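The values are calculated or read from the model by the stated rules, or taken from the named source; none is laboratory data. In this text the structure is predicted, and so the values were computed from the model without any measurement. Cβ: placed from backbone, ideal geometry, glycine included. Neighbour counts: every protein chain shown. The protein model used for the area step is the full one, side chains on, heavy atoms only, and it has no ligands, DNA or RNA in it. Shrake-Rupley method; radii C 1.70, N 1.55, O 1.52, S 1.80 Å.
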Amino acid sequence: MANSTLPPGTAPIKPQFLLSLEPRAIPDDDAAEGSTSYTNTRSDAAIGGEDIEEGGRKLSGAQRKKYAKEDRKKQRGANKGRRFQKVRDDLELCFKVASGRQCEFGSECRFTHDVPAYLAAKPKDIRFPSSKDLSDSPPFVRLPDVEMSESVDAIRSSLDLTTTCALFEYTGECKHGLKCRFLGSHVVTKEDGELELVVDEDKKARVAASETEVNFIDAESLRKIRTKK
Ligand SMILES: [Zn+2]
Ligand SMILES: [Zn+2]
């Protein structure tokens with residue numbers, strides 16, 4: 001063995017697990033996360049040192065300190081660099097129209113009621129196999145034999161008719177309506193070419209009877225719990 005130089009009784013350790021005494025460069029986490037943190041901004045400021053200016057004029061030591069302090073306060077806390085964005089459609093469809101209902105705001109509605117335009121801009125449905133297409137043996141998922149019928153028009157091009165909406169599968173109705181990314185599984189084309197949402201009334205009734213939560217506390221009891229009397 002190559003470790004013959006080690007004193008007897010020493011367990012050999014692979015070189016990649018040995019800690020080096022040489023100083024190593026510390027990886028810049030902020031660069032990796034694409035943001036800055038207080039520690040970095042301060043060291044930058046320290047490098048710039050004497051030249052911190054506010055609105056073009058030089059700051060006195062006390063003022064600089066004050067700004068640095070406020071800056072530090074703003075930056076305090078963990079994960080400040082994170083931004084959670086709301087996922088939005090490019091064209092936002094009114095949720096009432098999306099679920100096949102009438103919107104009382106009409107043309108005043110701040111969301112679009114233009115279903116064909118919405119569907120034309122909508123990203124393609126997500127392919128999701130139904131439970132009967134899953135199995136315990138390879139290949140585990142049976143892919144639909146029929147390839148997507150080539151997009152008939154802009155409205156239908158986002159639809160994947162072989163996909164499965166789990167919500168619709170289970171409850172017989174999908175509350176997301178036309179906004180659902182598994183829309184292909186619960187929409188039909190009417191004779192006039194328009195899309196119509198499918199509702200499985202039998203399933204809906206069955207689910208309503210068996211799955212509806214009844215274990216709610218009534219408003220009066222809630223009020224009593226909340227008020228100290
Ligand atoms: Zn509306
Ligand atoms: Zn759905």
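Worth pointing out:
- Within segment 165-186, considering residues that are part of a loop (DSSP other than H, G, I, E, B) and crowded, with 20+ Cβ neighbours inside 10 Å, the one farthest from ligand 2 (Cβ to nearest atom): 173
- Among the conditions (1) open to solvent by less than 80 Å² (accessible area, probe 1.4 Å); (2) within 16 Å of ligand 1 (Cβ to nearest atom), residue 81 misses just one, which is (2).
- Residue pairs meeting the criteria (Cβ under 9 Å; at least 6 apart or on separate chains; first within 30 Å of residue 171 (Cβ to Cβ), in segment 213-229; second in a helix (DSSP H, G or I) and open to solvent by 80 Å² or more (accessible area, probe 1.4 Å)): 217/225
- Being open to solvent by 90 Å² or more (accessible area, probe 1.4 Å) and within 16 Å of ligand 2 (Cβ to nearest atom) is not true of residue 204.
- Criterion applied to 66, 14 was being open to solvent by 100 Å² or more (accessible area, probe 1.4 Å), more than 40 Å from the chain's Cα centre (by Cα) and at pLDDT 75 or above, and the one residue passing it is 14.
- Residue tally, condition modelled with pLDDT of 75 or more, within 22 Å of the chain's Cα centre (by Cα) and either on the phi > 0 side of the Ramachandran plot or away from ligand 2 (no atom under 16 Å from the Cβ) (or both), over segment 77-105: 5
- Flag if residue 138 is more than 15 Å from residue 99 (Cα to Cα), loosely packed, with under 13 Cβ neighbours inside 10 Å and more than 16 Å from ligand 1 (Cβ to nearest atom): yes
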